[in-house]
Amino acid sequence: MVKKKAIIFGVTGQDGYYLTELLLKKNYIVHGVKRRSSSVPTNRISSFLNQKNFIIHYGDLTDTSSIYNLIKEILPDEIYNLAAQSHVGVSFYTPIFTANVNAIGVLSILEAIRTINRKIKFYQAGTSEMFGKTISKFQSEKTVFNPQSPYGAAKVFAHQITQNYRDAYNIFASNGILFNHESPLRGDNFVTKKIVTSLNNIKKGKQKKLILGNLYSRRDWGHAADYVIAIHKILQQKKPGDFVIATGRELTIKEFVNKTAKIINLKIKWRGKGLKETAIDENGHTIVMVHKKYFRPLEVDYLKGDASKAKKILKWKPKISLDQLIKEMVKYENR
């Protein structure tokens with residue numbers, strides 16, 4: 001039996017790790033693409049580097065020729081684009097770079113598929129941030145996009161250009177609209193990782209305070225290991241399409257702090273309001289504070305996904321609870 005070949009752009013990220021692990025178990029030959037730099041983080045994928053079915057390549061979504069040459073050389077069956085400037089807050093400081101990677105980079109992949117082999121299946125990683133400021137109780141594939149950041153706006157372009165190439169050139173091009181998903185491998189600049197790491201350090205006496213932004217942003221959080229199963233299923237369908245991947249449950253940042261504190265047995269009480277709201281420990285020490293510098297220029301207050309389509313068509317549903325996720329993250333910190 002001929003093994004399937006897959007290219008993963010963004011292989012060194014959290015999702016890249018879990019998707020690589022899944023595809024190797026399914027006997028794929030995985031070609032992972034990472035950017036060349038003096039300090040490229042390969043620690044997440046180090047366990048794959050000596051496996052014969054895993055090949056690493058250098059490439060960059062801002063370099064159209066490198067994308068074209070890789071696809072032409074490998075001639076994959078499937079391409080998964082997980083690469084992005086993935087931090088919403090950072091996108092306000094680097095909007096042009098964010099657009100070049102998250103929007104134009106996707107167009108470069110699609111153009112390569114169009115000219116090299118239109119039978120290559122393509123997956124584009126979308127985000128709940130595309131919905132932005134919304135009045136919908138749940139966000140589905142039919143919810144209108146209203147992004148509130150350069151990151152979200154660039155992802156909307158990527159989503160819509162993927163649909164455009166699907167319709168115009170009959171390419172199997174699909175979008176996954178993934179809501180927040182975390183894991184022990186989450187990057188340090190993401191709020192869930194920051195909360196778990198900081199509270200764990202505070203509990204051990206290694207850190208004094210955790211400083212956060214909007215405590216009342218509500219997000220739908222799942223586990224990356226669950227979500228890559230859905231990603232793979234999207235490209236195994238007979239027809240391409242767009243799918244919301246979410247848990248359908250939401251929690252505020254403050255509630256995430258409370259859950260984490262309870263799991264590590266750190267007793268806290270909240271006091272004050274607004275920028276003066278703080279959490280104190282049982283010794284009366286202030287251990288959580290709010291600072292305006294961590295607020296975005298435009299806030300997205302509420303996101304909760306409706307994954308009914310994914311459950312019906314992909315036969316997918318999340319299996320790992322939020323408590324299990326936090327416990328995994330805590331265990332990883334204490335390894």
| said: I want to check a number: in region 36-188, how many lysine pairs have alpha carbons closer than 26 Å, given a sequence separation of 8 or more or different chains? | reply: 13
| field | Expected 222 nm ellipticity per residue - DSSP helices of 4 or more, -39500 (n - 2.57), all of the chain, to 500 | value | -10000 deg cm²/dmol
| Where in region 62-106 are there chymotrypsin sites (Phe, Trp or Tyr not before Pro) that are in a DSSP coil and have at most 11 other Cβ atoms within 10 angstrom of their Cβ? | Tyr93
| Using 0.36 nm per residue, how much length does the chain from Asp167 to Ile263 gain when fully extended, once their Cα-Cα distance is taken away? | 29.8 nm
| note | Checking region 140-248 for trypsin sites (Lys or Arg not before Pro) in a loop per DSSP with at most 15 other beta-carbon atoms within 10 Å yields Lys142, Lys206, Lys208, Lys209, Lys238
| request: Return the distance in nm (one decimal) between the two label points of a simple spin-label model at His87 and Lys4, each offset 7 Å from Cα along Cα→Cβ. | output: 3.4
| message | Nothing charged except the Cβ atoms of Lys and Arg (+1) and of Asp and Glu (-1): what's the magnitude of the dipole of the chain about its Cα centre? Round to the nearest 20 debye. | response | 820
| query | Hey, which aspartates and glutamates would be in cross-link range of Lys327, C-alpha to C-alpha under 20 Å, not counting anything within fewer than 8 residues on its own chain? | reply | Asp15, Glu182, Asp188, Asp220, Asp226, Glu250, Glu255
| query | About its Cα centre, what dipole magnitude does region 1-147 give when the only charges are +1 on Lys and Arg Cβ and -1 on Asp and Glu Cβ, stated in debye to the nearest 20? | reply | 420
| remark: With the dipole of the chain defined by +1 on each Lys or Arg Cβ and -1 on each Asp or Glu Cβ, the option from His285, Gly152, Asn43 whose Cα lies farthest towards the positive pole is His285
| Cut-off 15 Å between beta-carbons: net charge of the residues surrounding Ile74, Lys and Arg +1, Asp and Glu -1 | +4
| message | Report the gain in length on full extension from Lys142 to Lys239: 0.36 nm times residue separation, minus Cα-Cα distance, nm rounded to one decimal. | response | 33.1 nm
| query | If the cut-off is 16 Å between C-alpha atoms, which lysines fall inside it for Lys209, apart from same-chain ones fewer than 8 positions away? | reply | Lys193, Lys194, Lys254, Lys267, Lys269, Lys276, Lys292, Lys293
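Laboratory data are not the source of any read-out in this text; all were calculated from the coordinates shown. From a predicted model like this one, the values you see are computed outputs, not experimental measurements. Neighbour counts are summed over all protein chains in view; Cβ atoms, including those assigned to glycine, are modelled from backbone coordinates with ideal geometry.
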